[in-house]
Amino acid sequence: MNNSPTTHHLPHTLLVTGGAGFIGSNFIRYILNEHSDWQIINLDKLTYAGNLENLEDVKDNPRYHFVKGDIADRKLVDALFSGEYFAANSLTPNTQDLIPNTQDLTPNTQDLTPNTQDLTPNTFLQVSTDEVYGSTEKGKFIEQSPLSPNSPYAASKAAADLLCHAYWKTYQLPVIITRCSNNLGPFQFPEKFIPLAVTNALENKSIPIYGDGSNVRDWIYVADHCRALDFALQKGEPGEIYNIAANQEKTNLELVYKLLNIMHEPQSLVTFVTDRPGHDRRYALDASKITTQLGWKPTYSFEEALTTTINWYVDHEHWWRKIKSGEYAEYYQRMYPQR
Ligand code: DAU
């Protein structure tokens, strides 16, 4: 089977929410490169992990539009769905001036569902996570496994998945849900394990490992995830759920030793620290549905993905130093004050 998706319906405009984060920015870059006739609207509230520097290289692309705003801002989301916003402002999109005041509401997937039939999108892709299944010592989760989230974050993702499913059942909103395992790659916020370990090693600082380091995560390179999302968008069936994973389980300790080995840094940098509350033991996904039904498969081995990621952080010291030092947060406070 061909490992690139063929189009059966072209959603020429994608509204990506949270596109200035790690996976969102990689996805936007991927789509702009892969589909020369697609345009993207990126709606992002620019909270702590949203970073416009992640999209510096595409910001002048005429097929890319950034809107600072909140998905809980109903009027704004409706305007974006209907295309009004861009019809009115496509030539001089000064998004700062055009964004109405937003209330600081907790973002809610329900807010993203259009409120009239004519504004229904071709596809509503809910990008979810393996965390919704909870933790398992043995075996792998399939799409029908019960949801059993253990953290408030995972519970909110599970709730969003259920809400999406309900919109499909009740209103036939063409929802597709994807659930992916842990991602690694460029532009991941340096509070996460891999970028934290790489940048700490570069700064000759210790690397904190929660508990005894035997928790297991299943890793996938972010570009493989983005390709899988493209497959789901183009070939997925409304109402269906697709797990996405590359079958690359590692304990945290195995991972950090491999990383230090590639970087020629000593294992003595590893420091065991108190475990995180509610730390799930093991995530593991069975991704055979997307492979057999949609023809997607991962292309990066774990070693390739890790080496590429490490090299990216080595080459982009300016990017992560700004974040780690807090300089970036101050800059955005100045540029985008809450009104
Ligand atoms: O795909 C699963 C999840 O992956 C997603 O739902 C989340 O949105 C995403 O942030 C990520 O969550 P994790 O908590 O698994 O990722 P993190 O990189 O924080 O941690 C990976 C593992 O490393 C986890 O077992 C905790 C451990 N860890 C993490 C940090 C930051 C440490 O041992 N030390 C650390 O300092």
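Things worth noting here:
- Couplings 3J(HN,Hα) of region 279-284, computed from phi: 5, 4, 5, 8, 10, 8 Hz, in residue order, whole Hz [Karplus 6.51 cos²θ - 1.76 cosθ + 1.60, θ = phi - 60°; x for Gly and Pro].
- Measure of compaction for region 13-335 (Cα Rg per 2.2 N^0.38 Å): 1.01
- Sequence of LEU14, LEU253 once ranked by neighbouring C-beta atoms within 10 Å, starting from the fewest: LEU253, LEU14
- Partner aspartates and glutamates whose Cα lies under 20 Å from the Cα of LYS59, excluding those fewer than 8 positions away in the same chain, are identified as GLU34, ASP37, ASP44, ASP70, ASP97.
- Nonlocal amide H pairs with THR13, under 5 Å, H built at 1.01 Å: GLN39
- Cross-link partners of LYS250 among lysines (Cα-Cα below 17 Å; sequence separation of 8 or more within a chain): LYS138, LYS140, LYS192, LYS258
- GluC sites (Glu not before Pro) restricted to region 121-224 and DSSP loop, no more than 10 other C-beta within 10 Å: GLU137
- Footprinting exposure proxy for VAL270, VAL314, VAL256, VAL175 (fewest neighbouring C-beta atoms within 10 Å first): VAL314, VAL270, VAL256, VAL175
- From phi via Karplus (6.51, -1.76, 1.60), per-residue ³J(HN,Hα) for region 192-206 in Hz, x at Gly/Pro: 7, 4, 5, x, 5, 5, 5, 6, 4, 4, 5, 8, 6, 9, 6
- Using the Cβ-Cβ distance between ALA166 and SER288 with R0 set to 30 Å, the FRET efficiency from 1/(1 + (r/R0)^6) comes to roughly 0.70.
- Eligible lysines near LYS45 by straight Cα distance, threshold 16 Å, same-chain separation 8 or greater: LYS68, LYS75
- Simple label model, 7 Å out from Cα along Cβ direction - SER206 to THR299, nm: 4.2
- Residue order, fewest to most surrounding Cβ atoms within 10 angstrom, among THR136, THR170, THR47, THR199: THR170, THR47, THR136, THR199
- Amide H to amide H distances under 5 Å link PHE141 with ALA284, LEU285, ASP286, where only residues 5 or more positions off or on other chains count and H is placed in the peptide plane.
- Cβ-defined net charge surrounding GLU143, 14 Å radius [Lys, Arg +1; Asp, Glu -1]: -2
- Gain on full extension, evaluated as 0.36 nm per residue between ASP37 and SER82 minus their Cα-Cα distance, stands at 14.3 nm.
- Net charge of Cβ neighbours under 12 Å - reference TYR257; Lys, Arg +1; Asp, Glu -1: 0
- Checking every one of the trypsin sites (Lys or Arg not before Pro) in region 131-208 against DSSP loop status and a limit of 10 other Cβ atoms within 10 Å picks out LYS138.
- ³J(HN,Hα), Karplus 6.51/-1.76/1.60, whole Hz, each residue of region 37-53, x for Gly, Pro: 10, 9, 10, 10, 10, 9, 9, 9, 7, 6, 7, 4, 9, x, 9, 5, 5
Read the figures in this text as sums done on the coordinates, not as results from a lab. Quick caveat, the model's predicted, so the values are computed rather than measured. In this analysis, Cβ positions are derived from the backbone assuming ideal geometry, glycine residues included, and neighbour counts consider all displayed protein chains.
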